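Structure record follows, encoded as structure tokens.
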Amino acid sequence: MRLLCVKTWVRPIAGLLAVGLIACGAVREARPGKARSTVVLLVFDELPVASLMRPDGNIDSKLFPNFARLQRDSTWFRNATSPGTFTHDVIPSILTGSLPSERLQESSFLPDNLFTLLAPTHRVYTTQPFPRMCPPTTCSPMPQARTDDPLRHRFPVFSKGDRGRKYLSLGSATQGATEPRFLFAHFVLPHQPWAYLPDGRRYLAGETLPGQYDSDGRGKGWSDEWWLTAQALQRHLLQLRFTDLLLGTLLDRLERAGIYEGTTMVVVADHGIAFERGQPKRMPTPETVGELAAVPFFFKKPHQRRGWISDRPVQLTDIAPTIADVLGLRLKWRGLEGVSVFDRRSKRPDRSVAGLPMKSDGSEKYLAVRRKYSTFGQRRGSLDLFRLGPRWAQDLVGRHVDDLARSMEAVPADISYPAAFDRASATSPIVPSLLQGSIPGTPEDNVLLAVTVDGRVAAVTPTYVEGDASRFYCMLPPRLLNEAPNRVEIFRL
């Protein structure tokens, strides 16, 4: 009966659509007005909330100004957790309000979900098909961006890839709306592959990620090399800054379209990623559960005028019930386990991920926040992501090689993409900010190297042994890449 009523929906007959959903038990009643709000549900991927945070618990507004901007207009549920650490487990939970289970994974059709809930009153657009939850007669793909979209010019490399096309299509779906819309977008950002700088330019990245290895079970893990894991965190944070920029351009478009204030907007991440040496990236352990399960969760009510921070323990299964609550819809869904985050009468059950219990105060994430701040240098109270390592190494970055001549010895090196430095400049859309190479001779581990660009130290990094070679890699600040050609030299400290 549920399957039949969903399949027989005919959008132009609005009254019949509503009756069909009532018969399915998805909606019992709606308060007039609120249900007409456009709904934007934006799900980022592989984003721990710790990556956004300062040790005082606030968002680092200098690194991530647009997440901070969103927080000023919304309620930030700082103590939110994901019920899983893999996308295909979590997305169905977000859309149905149920914890990951065999039913969600194996059922051929799941009629109780946000798509079917909002279809009677909203035009539904998604960045990817969900045939088990949203029949083609109900869900439409996001419209393609115009060929003259200014963001194509602003992000020329990103806009040509799959992630960029999906992002541009979401921006297009916010324009020219004459009816309420439900826009569901899952972006594989700041998820690997890491290849973008904060301003949207791309850097040349190798096919393999140093320090990453195949671990037992699902996903991969990190080696015991602290520096390699820290460099992976560095690249994650740089790409997260670009993700923040994309969020800002979306907020701008909603405002220019005149619908931002009245929009119900939810911004979350499906799960995090761990950056602890010797640990799995995606399978939680007591040391990493705070990075994997604690995720961002921002909820902006329509016409909300003030931001709030709530440390109430919530979970991503609460998203669907909360949207229904804010729009004045009542749910009667099979297997509904989430509750509205704004219903203080509801009791939050204990939370766990992969069998590991989460503390009610969400304090696990602060271990990752503190580790992040001990890894990078700081300027004016914010992290400097290009000053990586111990304090003495951070202090070398930016100094001229002439000042360090007595403590440095030039060494020959084979670097990847050497020709890129002959044509790259600070304004090139593709820049060689990631430097990889090897040192000829007997393989040596943990030999400290200083990498200079046109006579100034751009990075300090140790060697690591891979196969029969001493290899190294590091990120170079794009501000040091002057007009081509750029002279790159390697020195042993």
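Please verify whether segment 67-76 includes one or more residues that are crowded, with 22+ Cβ neighbours inside 10 Å, farther than 25 Å from Asp199 by Cβ, modelled with pLDDT of 95 or more and touching a helix residue (DSSP H, G or I) at 6+ places or on another chain (Cβ under 9 Å).
Scanning segment 67-76, I find at least one residue that is crowded, with 22+ Cβ neighbours inside 10 Å, farther than 25 Å from Asp199 by Cβ, modelled with pLDDT of 95 or more and touching a helix residue (DSSP H, G or I) at 6+ places or on another chain (Cβ under 9 Å), so the answer is yes.
Taking the conditions exactly as written (buried (at least 22 other Cβ atoms within 10 Å of the Cβ), more than 26 Å from the chain's Cα centre (by Cα) and hydrophobic (A, V, I, L, M, F, W, C)), does Leu95 satisfy them or not?
No, not satisfied.
Quick check on my filter: what residues within segment 238-252 are open to solvent by 20 Å² or more (accessible area, probe 1.4 Å) and either over 17 Å from Leu151 (Cα atoms) or charged (D, E, K, R) (or both)?
If the condition is that a residue be open to solvent by 20 Å² or more (accessible area, probe 1.4 Å) and either over 17 Å from Leu151 (Cα atoms) or charged (D, E, K, R) (or both), then Arg241, Asp252 are the ones that fit.
For segment 183-216, give me the residue count where each residue is farther than 30 Å from Leu114 by Cα and in contact with a strand residue (DSSP E or B) (Cβ under 7 Å, 6 or more places away or on another chain).
The qualifying residues number 15.
Consider Leu240 carefully, then state whether it is farther than 24 Å from Ala50 by Cα and not in a loop (DSSP other than H, G, I, E, B).
Taking the combined requirement at face value, the residue does not satisfy it.
Applying the selection to segment 314-330, what residues are surrounded by 20 or more Cβ atoms within 10 Å (Cβ to Cβ) and part of a loop (DSSP other than H, G, I, E, B)?
Hits for segment 314-330: nothing passes.
May I ask you to list the residues in segment 363-377 that are among the polar types (S, T, N, Q) and more than 20 Å from Ala232 (Cβ to Cβ)?
The one that is among the polar types (S, T, N, Q) and more than 20 Å from Ala232 (Cβ to Cβ): Ser363.
Looking only at residues that are open to solvent by 50 Å² or more (accessible area, probe 1.4 Å) and not β-branched (Val, Ile, Thr) in segment 167-189, which one is farthest from the chain's Cα centre (by Cα)?
Restricting to residues being open to solvent by 50 Å² or more (accessible area, probe 1.4 Å) and not β-branched (Val, Ile, Thr), the top hit is Glu179.
In this structure, does Leu228 turn out to be open to solvent by 10 Å² or more (accessible area, probe 1.4 Å), part of a loop (DSSP other than H, G, I, E, B) and within 29 Å of Ala419 (Cβ to Cβ)?
No; evaluated as a whole, the condition is false for this residue.
Please go through segment 245-267 and give me each residue that is touching a residue at least 24 places away in the same chain (Cβ under 8 Å) and part of a loop (DSSP other than H, G, I, E, B), ordered by number.
Correct list: Ala257, Ile259, Glu261, Gly262, Thr263.
Out of (1) out of contact with any helix residue (DSSP H, G or I) (no Cβ under 8 Å at 6 or more places or on another chain); (2) assigned to a helix (DSSP H, G or I), the odd one out for Ser108 is which?
(2)
Within 27 Å of Phe109 (Cα to Cα) and either within 21 Å of the chain's Cα centre (by Cα) or open to solvent by 60 Å² or more (accessible area, probe 1.4 Å) (or both): does that describe Ala354?
For Ala354, the condition - within 27 Å of Phe109 (Cα to Cα) and either within 21 Å of the chain's Cα centre (by Cα) or open to solvent by 60 Å² or more (accessible area, probe 1.4 Å) (or both) - is met.
Scan segment 268-299 for residues that are part of a strand (DSSP E or B) and crowded, with 24+ Cβ neighbours inside 10 Å and jot them down.
Matches in segment 268-299: Ala269, Ala294, Phe297, Phe299.
Go over the candidates Arg103, Arg123, Arg54 one by one and state the one that is over 27 Å from Leu327 (Cα atoms) and more than 21 Å from the chain's Cα centre (by Cα).
Arg103
For Trp222, state whether it is more than 15 Å from the chain's Cα centre (by Cα), of a type in the set (A, V, I, L, M, F, W, C) and either modelled with pLDDT under 95 or open to solvent by 10 Å² or more (accessible area, probe 1.4 Å) (or both).
no
Matching residues to (1) closer than 23 Å to Cys474 by Cβ; (2) within 22 Å of the chain's Cα centre (by Cα):
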position	(1), (2)
Pro349	no, no
Lys359	no, no
Arg370	no, yes
Gly377	yes, no
Gly398	yes, no
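Is one or more of the residues making up segment 133-146 farther than 23 Å from Gln315 by Cα, touching a strand residue (DSSP E or B) at 6+ places or on another chain (Cβ under 9 Å) and charged (D, E, K, R)?
No, every residue in segment 133-146 fails to be farther than 23 Å from Gln315 by Cα, touching a strand residue (DSSP E or B) at 6+ places or on another chain (Cβ under 9 Å) and charged (D, E, K, R).
Could you tell me how many of the residues in segment 131-160 are open to solvent by less than 30 Å² (accessible area, probe 1.4 Å) and part of a loop (DSSP other than H, G, I, E, B)?
Going through segment 131-160 one residue at a time, the tally reaches 8.
What single numbered condition from (1) open to solvent by less than 10 Å² (accessible area, probe 1.4 Å); (2) within 22 Å of the chain's Cα centre (by Cα) fails to hold for Ser310?
(1)
Looking at Gly211, Gly176, Gly278, which one is at positive phi, touching a helix residue (DSSP H, G or I) at 6+ places or on another chain (Cβ under 8 Å) and not basic (Lys, Arg)?
The match here is Gly211.
Exactly one of (1) of a type in the set (Lys, Arg); (2) in contact with a Lys or Arg (Cβ under 7 Å, 6 or more places away or on another chain); (3) open to solvent by less than 30 Å² (accessible area, probe 1.4 Å) is unmet by Arg235. Its number?
(2)
Looking only at residues in segment 54-96 that are among the acidic types (Asp, Glu) and either in a helix (DSSP H, G or I) or touching a residue at least 40 places away in the same chain (Cβ under 8 Å) (or both), which one is farthest from Ser382 (Cα to Cα)?
Across segment 54-96, the extreme among qualifying residues is Asp89.
Is it fair to say Leu316 is in contact with a Ser or Thr (Cβ under 6 Å, 6 or more places away or on another chain) and touching a residue at least 60 places away in the same chain (Cβ under 8 Å)?
yes
The values are calculated or read from the model by the stated rules, or taken from the named source; none is laboratory data. Predicted model only: the values in this text are computed from it and were never measured. For neighbour counting, all protein chains shown are included, and Cβ atoms are generated from backbone atoms with ideal geometry for every residue, glycine included. The accessibility values were calculated without ligands, DNA or RNA, using every heavy atom of the protein model including side chains. Shrake-Rupley method; radii C 1.70, N 1.55, O 1.52, S 1.80 Å.
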